[in-house]
1. Return the only residue of GLY66, GLY81 being loosely packed, with under 12 Cβ neighbours inside 10 Å, within 30 Å of LEU24 (Cβ to Cβ) and among the small types (Gly, Ala, Ser).
2. When you go through (1) within 27 Å of ARG149 (Cβ to Cβ); (2) open to solvent by 20 Å² or more (accessible area, probe 1.4 Å) one by one for LYS42, which number turns out not to apply?
3. Scan segment 14-31 for residues that are open to solvent by 50 Å² or more (accessible area, probe 1.4 Å) and either assigned to a strand (DSSP E or B) or within 12 Å of THR48 (Cα to Cα) (or both) and jot them down.
4. Does SER196 count as more than 20 Å from LEU129 (Cβ to Cβ), touching a Leu at 6+ places or on another chain (Cβ under 6 Å) and either free of Cβ contacts under 8 Å to residues at least 12 places away in the same chain or open to solvent by less than 10 Å² (accessible area, probe 1.4 Å) (or both)?
5. Across segment 224-245, which residue is farthest from GLY60 (Cα to Cα) among those that are open to solvent by 30 Å² or more (accessible area, probe 1.4 Å) and of a type in the set (A, V, I, L, M, F, W, C)?
6. For ILE206, which of the numbered conditions (1) open to solvent by 10 Å² or more (accessible area, probe 1.4 Å); (2) within 15 Å of the chain's Cα centre (by Cα) fails to hold?
7. Step by step: first the residues of segment 115-142, then only those that are without any contact (Cβ under 8 Å) to a residue 40 or more places away in the chain and part of a loop (DSSP other than H, G, I, E, B), then the one that is surrounded by the fewest Cβ atoms within 10 Å (Cβ to Cβ). Which residue is that?
8. Being among the hydrophobic types (A, V, I, L, M, F, W, C) and out of contact with any Leu (no Cβ under 8 Å at 6 or more places or on another chain) is the filter here, so list the residues in segment 199-209 that pass it.
Amino acid sequence: MLLEVQNLSAGLEDGKQILNDLSLKMEKGETHVLMGPNGAGKSSLGNTLMGNPVYKITGGKIIFNGQDITEETTDKRAKAGMFMSFQAPLEVPGISLETFIRSAIQQKTGERVKLFQFQKELKACMELLNMNPDYAKRDLNVGFSGGERKKSEILQLLMLKPDFAILDETDSGLDVDAVRVVSKGIQEYQKTVGGSLLIITHNAKILESLKVDHTHILVKGHIVHTGDGSLVEKINSEGFEQYIK
């Protein structure tokens, strides 16, 4: 078992409750999809798992790789092998995309990065994602289009090779071609790293080439139904109404 969420309840610092007695289990190498109506708490779950200090856990536990990380800080969770991509990646002036990734790898592994091998791998991953190599030298996400920012997130995923990745609407705002490229990057992560994925999405397109093991429906901060990959198509055709009721 890679991740076990036990009766998790959490909310914002102002006391607003968002997640309610939520339980979830993920085995190593599995891909889970999280769907639900707007405001259901999908992004809040991702942020809580990643240790975002804006969210306060009021009950339950998060077990990752056999360790209780409920009280751990975000950086320690990242070093333990967790990763999260965001709906709207922030600009970080003053540090290049290449330097950011190299620094993150060093922080995660505690070892010095061999520059030649790193640049060779970075170039290959950027080619896979159809990214202009000049972006490696540019400040992180500064002046990047929405599509390039999302590709930058997947590039980090491929280079950091986490055991578990939370992808929070990575396909949001992307055109068909960009979704296809991002999906190709995620597929490469599945194939080469074999890590586990929790994909938060409203768009079935990004899932077409991926093997989905389980799909969860989240309503009012609680998982109300779980099925296999076919549940995604059912939701796309029928909506969430039956689960909201």
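The values are calculated or read from the model by the stated rules, or taken from the named source; none is laboratory data. None of these values were measured; they are calculated from a predicted model. Positions of Cβ are generated from backbone atoms using ideal geometry, with glycine treated the same way; all protein chains shown enter the neighbour counts. Heads up: the accessible areas ignore ligands, DNA and RNA and are worked out on the full protein's heavy atoms, side chains in. Shrake-Rupley method; radii C 1.70, N 1.55, O 1.52, S 1.80 Å.
1. Matching residue, one of GLY66, GLY81: GLY66.
2. That leaves (2) as the condition not met.
3. GLN17, ASN20, ASP21, SER23, LYS25
4. So SER196 passes the test.
5. PHE240
6. (1)
7. Residue satisfying both the conditions and the ranking: ASN132.
8. Result: ALA204, ILE206, LEU207.
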